[in-house]
Amino acid sequence: MLIKAPRGTRDILPPDVGQWQFVEGKAAEMCRIFGYQEIRTPVFEHTELFLRGVGEVTDIVSKEMYTFQDRGERSLTLRPEGTAPVARSYLEHKLYGETQPVKVYYIGPMFRYDRPQAGRYRQFHQFGVEVFGADDPTVDADVMVLALKFFRGLGLSDVTLQVNSVGCSACRSAYRTLLQEQLREKVSGLCVDCTDRYEKNPLRILDCKNVRCHELTENVPMMTDHLCQECATHFTAVKQAMDKLGETYLVNPRLVRGLDYYTKTAFEITSSVLGAQSSLGGGGRYDHLLSTIGGPEIPGIGFAIGLERALLAMEAEKVSIPVANTLDAFVATAGDVGADEALAVTMMLRDAGIAADKDYLGRSLKAQLKFADKKEVRFLIILGDEELKLGMATVRDMKNGTQQSVSMTGLTAHLTALVKEAK
Ligand code: AMP
């Protein structure tokens, strides 16, 4: 227990961190190019924010939240998603008073009490973006294309974008009633979850993975055929913008997504290499979220992408990640040369920006060479008694086995040139 991480959480160990940095770096780079700035919000918020913002009937809020009381008896919740916290921050800091739209992105851990399995964890990481203050359909296309280009930038090719419109509060409530009427006779045949959803959130029945539920909803009318004029026009314009960019997508009228706050555009990005947990990410427009949590009526749209899933897809698609996390140089000592001498030389190299290290365990020269080899260090600097007296050191290229004697005063410049050439 003591030395086991809690169920559903995972350590990211040093050999794997390079992959994470690569993925996070791509996200940041893509966001910069698309005109987004980073935002960082706390990992916990008042529970109320998620109850109101995400919706009490959603799976996240009803079953999956890590909620606790702090010592001041406040009810707090580890964030299960990023949109409500970012929306809260936008309101709290009155960012609507600044030039609109506000385009932000975040990368960080999220927490859900889910049943852990491959691709599903209790602490996982999301990269997400939010755009506040613009309801133009080209924003919807811009956000979806950012997600697609991010995946392409990671080297993934098995990526499918599914798009739908879930309407607005006006047309959705009429459709919801219509759907309930159509399903009234069939409720008893639905799965347990969907029987529950029939009253609370009937639209979710449409994207239930259960085969029987799928069959029972085969001929029911779809939301896309019952959109109000404004939502229909918006959806057409979103698709047109995507077509103009030459981006492919599938219209999936059954796509609803788990969260309550979506209006108009809802989308999901899937990969067939992921197995059961095929969703890489998803998002949508949420034109009423800000007013729901106590702010003015300001439109918004965003997405969240699961980084563990992105990494799993990269592994499955055998994308090789350019990770160079090795040392440039290793300073070894021979004979009676002291460890402090090696430390001083190491520090001199580091000050010049060369990634360098030395032995700390009093190893023999042979063992130091073995260690440097294991660490895949390219250049070895050997400090020997006689050479040192002459102000010289030996530099060995571990890749091709060549070595030469270099003056200590010119060592940094010499190595800087070698390292540059090797990269
Ligand atoms: P959601 O916030 O539910 O729309 O999820 C967005 C994305 O986050 C999903 O497509 C997944 O890639 C990822 N995700 C959601 N829940 C989990 C989880 N429990 N473990 C790992 N990734 C998750």
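Every read-out reported here was derived from the displayed coordinates using simple, explicitly stated rules and does not represent laboratory data. Not measured: the values here are computed from a predicted model. Cβ coordinates were reconstructed from backbone atoms using ideal geometry, including for glycine residues, and neighbour counts include every protein chain displayed.
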> How much of the DSSP beta bridge set in the chain is antiparallel, as a percent to the nearest 5?
Replying inline: 80 percent
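Quick one: how many lysine pairs in the stretch 152-260 have C-alpha atoms under 29 angstrom apart, if they're 8 or more apart or on different chains?
Going through the stretch 152-260 pair by pair, I get 4.
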> Net charge near Arg74, counting Lys/Arg +1 and Asp/Glu -1 over other residues with Cβ under 11 Å of its Cβ?
Replying inline: -3
>> Which residues does the label zone of Arg7 cover in the stretch 58-98, counting backbone N under 18 Å from a point 7 Å along Cα→Cβ?
In response: 63-67
> Excluding same-chain residues fewer than 8 positions from Lys389, which lysines have a Cα within less than 17 Å of its Cα?
Replying inline: none
>> Taking 0.36 nm per residue of sequence separation and subtracting the Cα-Cα distance, how much length would be gained by fully extending the chain between Cys228 and Met408, in nm to one decimal?
In response: 57.0 nm
> Given only helices, namely DSSP H runs of n ≥ 4 each adding -39500 (n - 2.57), what is the per-residue ellipticity at 222 nm of the chain, to the nearest 500 deg cm²/dmol?
Replying inline: -11000 deg cm²/dmol
> How large is ³J(HN,Hα) for each residue in the stretch 182-197, as worked out from phi by the Karplus curve 6.51 cos²θ - 1.76 cosθ + 1.60 (θ = phi - 60°), to whole Hz, x for Gly and Pro?
Replying inline: 5, 9, 3, 6, 9, 3, 5, x, 6, 5, 4, 4, 6, 4, 5, 5
> What ranking do Asp357, Asp336 get, fewest neighbouring Cβ atoms within 10 angstrom at the top?
Replying inline: Asp336, Asp357
> Packing-wise, with mean Cβ within 10 Å as the measure, how do 90-102, 133-145, 281-293 rank, highest first?
Replying inline: 281-293, 133-145, 90-102
>> Please compare each pair in Lys103/Lys423; Lys63/Lys149; Lys4/Lys399; Lys4/Lys374; Lys358/Lys423; Lys318/Lys423 to a cut-off of 30 Å on the Cα-Cα distance and tell me which ones are over it.
In response: Lys103/Lys423; Lys63/Lys149; Lys4/Lys399
> Long-range amide H contacts for Phe44: which residues qualify at under 5 Å (H placed 1.01 Å from N, peptide plane, sequence gap of 5 or more or a different chain)?
Replying inline: Arg79
> How many percent of DSSP beta bridges within the stretch 329-422 run antiparallel, rounded to 5?
Replying inline: 55 percent
>> If I model a spin label as a point 7 Å beyond the Cα along the Cα-Cβ vector, how far apart are those points for Arg32 and Thr99 in nm?
In response: 2.0 nm
> If you project the alpha carbons of the chain onto their three principal axes, what span does each projection cover, largest first, in Å?
Replying inline: 93, 52, 43
>> Place a point 7 Å from Cα of Lys375 in the direction of its Cβ. Which residues in the stretch 309-340 have their backbone N less than 12 Å from it?
In response: 326-333
>> For q values of 0.23, 0.24 Å⁻¹, compute log₁₀ I(q)/I(0) with the Debye formula on a Cα-only model of the stretch 329-422, without solvent.
In response: -1.28, -1.42
> Got a sec? How would Asp207, Asp70 order by Cβ neighbour count within 10 Å, fewest to most?
Replying inline: Asp70, Asp207
> Hey, what did the chain get for relative contact order, percent, Cα under 8 Å, at least 6 apart?
Replying inline: 15 percent
>> From the phi angles alone, apply the Karplus equation (6.51, -1.76, 1.60; θ = phi - 60°) to the stretch 128-140 and give each ³J(HN,Hα) in whole Hz, x where the residue is Gly or Pro.
In response: x, 10, 9, 10, 10, x, 8, 10, 5, x, 5, 5, 4
> Between the stretch 97-130 and the stretch 299-357, how many Å separate their Cα centres?
Replying inline: 26 Å
